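The values are calculated or read from the model by the stated rules, or taken from the named source; none is laboratory data. Remember, it's a predicted structure, so these values are computed and weren't measured experimentally. Backbone-built Cβ (ideal geometry, glycine too); neighbour counts: all protein chains shown.
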Amino acid sequence: MKGLFAISISTKMSKVNTIGEVPLYLRITLDGQRTEISMNNWISKNNWDQNVRRVKGPGAKKLNLYIEDEISYVREIKRELDREGTNYDVSDIRNKYLGVSTNEEVYLLEKHKAHIQYMERMEGISYAPKTRLGFNTAYQHLIKFIQLNYQTSDIHINKVDQGFIREYEVYLRRDSGLNHNTATKYLKQLKKIVNECLNDGLITKNPFHKMKLGYKATNKEALTDEELQLLIKKEFKLEKLNRVKDIFVFCCLTGLSYVDVKNLTKANLFYLDNDVTIIKGNRSKTDQKYVAYLLPESRKILAKYENHPECIQKGVLLPVISNQKMNDMLKEIAAILEIDKNVTCHISRYTFITTVAISNGITQPITAAIAGHSSTRMTEAYTKLNEMEVIKQMQTLESKY
């Protein structure tokens, strides 16, 4: 039977970031020995209640429930070790929590899988489902790479050196045929796993040291104002095409993403004076707050589907179908209207930012607030000068020069 055992939650005020957030840590004490594990959660330093060692403020209930679950998980680990009747210390509890047995038996895929399982427990709190699916795809690539290059089912974490990383990059780019940015995304996910091993003291050398993983700028395509107006005015004979068109136009005029529009309910609607209607909420992907103004066409679309059976049954504002079916039908719509672009759900955000907002004089800070961007730098990535915009703005100088 072990002696003093305690679990607590703490913050690292010394690690406060530029926006006043601090990281949360799970602290385990056993027989005078202590270990701390990052919970991969950052909160405003003003939202930490030191007296009860819990979070307060917006979103606190969900995060505190997760904290209780993790504390219960650690207690169950200790009970399991007690039942086994073997000698153990605080590092054994830590390693079981992290999904590894001992420092000598840390394997890459085992660690990667443990991280995905952690993301599942944190889904809806710190991670969106899409983020977890991305890590799962990276995990599948690693399995194939290790089997192909090492003829084994897993590899010791100490064997993940720069040679391993470079060969993995070759596999992603050449053998899997991925483009630069997709390959970089998977390499950065591997780097996250490696950094966790570093932080947990499972390895001492960082194989990514001095290795630069940068994304290449991409040409973000958007509909022109003429194409958007053509889409708004078009009425199709098939109801399913009209529905997809309406939802896509709604995204273009509000700046909301597919998943955020899919999740819209009456709770997101706010009616102000002078018949002004806005939508407020938090982006599913980043939990960043957004506010969207409903233009007349947007209000018209909402009114059109107010009594739609699917909306009533699900309690949502719009009858949004699956992303895949939306994209398939959008390609069909683009072909009918002779729009020579890869029209997808995601192009609607580019269209809002460039064509609807920036091109019509909406400032970048306001556009960022509508789009739910944490800074105007993110908005700048969507904006691009085109030939017609240069002509349009330069013509205003004709009378002067």
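Scanning region 80-95 for residues that are under 18 Å from Thr35 (Cα atoms), modelled with pLDDT of 80 or more and either crowded, with 17+ Cβ neighbours inside 10 Å or not small (Gly, Ala, Ser) (or both) returns Leu81, Asn87, Tyr88, Asp89, Val90, Asp92, Ile93, Arg94.
Those residues that are crowded, with 17+ Cβ neighbours inside 10 Å and either within 21 Å of the chain's Cα centre (by Cα) or under 28 Å from Leu202 (Cα atoms) (or both), I need them from region 43-63; list them, please. Even if it seems obvious, please write down each step before you answer.
Residues of region 43-63 that are crowded, with 17+ Cβ neighbours inside 10 Å, as a first pass: 43, 47-48, 55, 63.
Scanning region 43-63 gives Ile43, Leu63.
Screening Thr184 with (1) over 15 Å from Tyr107 (Cα atoms); (2) crowded, with 18+ Cβ neighbours inside 10 Å; (3) touching a helix residue (DSSP H, G or I) at 6+ places or on another chain (Cβ under 6 Å) gives one miss only, at (3). Candidates Leu190, Leu231: the one that is over 22 Å from Thr351 (Cα atoms) and either assigned by TED's automatic domain parsing to the domain that holds Tyr350 or buried (at least 21 other Cβ atoms within 10 Å of the Cβ) (or both) is Leu190. Looking only at residues in region 22-39 that are part of a strand (DSSP E or B) and surrounded by fewer than 17 Cβ atoms within 10 Å (Cβ to Cβ), which one is farthest from the chain's Cα centre (by Cα)? The residue in question is Gln33. Residues of region 291-307 that are among the hydroxyl-bearing types (Ser, Thr, Tyr) and not in a helix (DSSP H, G or I): Tyr293, Tyr305.
For Gly32, the test of being touching a helix residue (DSSP H, G or I) at 6+ places or on another chain (Cβ under 6 Å) and either in the same structural domain as Asn199 (by TED's automatic domain parsing) or not polar (S, T, N, Q) (or both) is failed. Among the residues in region 102-113, are any in a loop (DSSP other than H, G, I, E, B) and at positive phi? There is no residue in region 102-113 that is in a loop (DSSP other than H, G, I, E, B) and at positive phi.
Can you list the helices (runs of 4 or more DSSP H) found entirely within region 308-363 that contain at least 2 residues being under 27 Å from the mean Cα position of the chain (by Cα), at pLDDT below 90 and more than 22 Å from Phe236 (Cα to Cα)?
Values: elements: 309-314, 323-336, 347-350.
Counting at least 2 such residues, we get 347-350.
Scanning region 126-172 for residues that are surrounded by fewer than 16 Cβ atoms within 10 Å (Cβ to Cβ), under 30 Å from Ile71 (Cβ atoms) and in contact (Cβ under 8 Å) with a residue 40 or more places away in the chain gives a single hit, Lys130.
The rows are residues; the columns are (1) touching a residue at least 24 places away in the same chain (Cβ under 8 Å); (2) among the hydrophobic types (A, V, I, L, M, F, W, C).
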| residue | (1), (2) |
| --- | --- |
| Asn179 | no, no |
| Asp200 | yes, no |
| Lys210 | no, no |
| Glu226 | no, no |
| Thr254 | yes, no |
| Lys266 | yes, no |
| Leu269 | yes, yes |
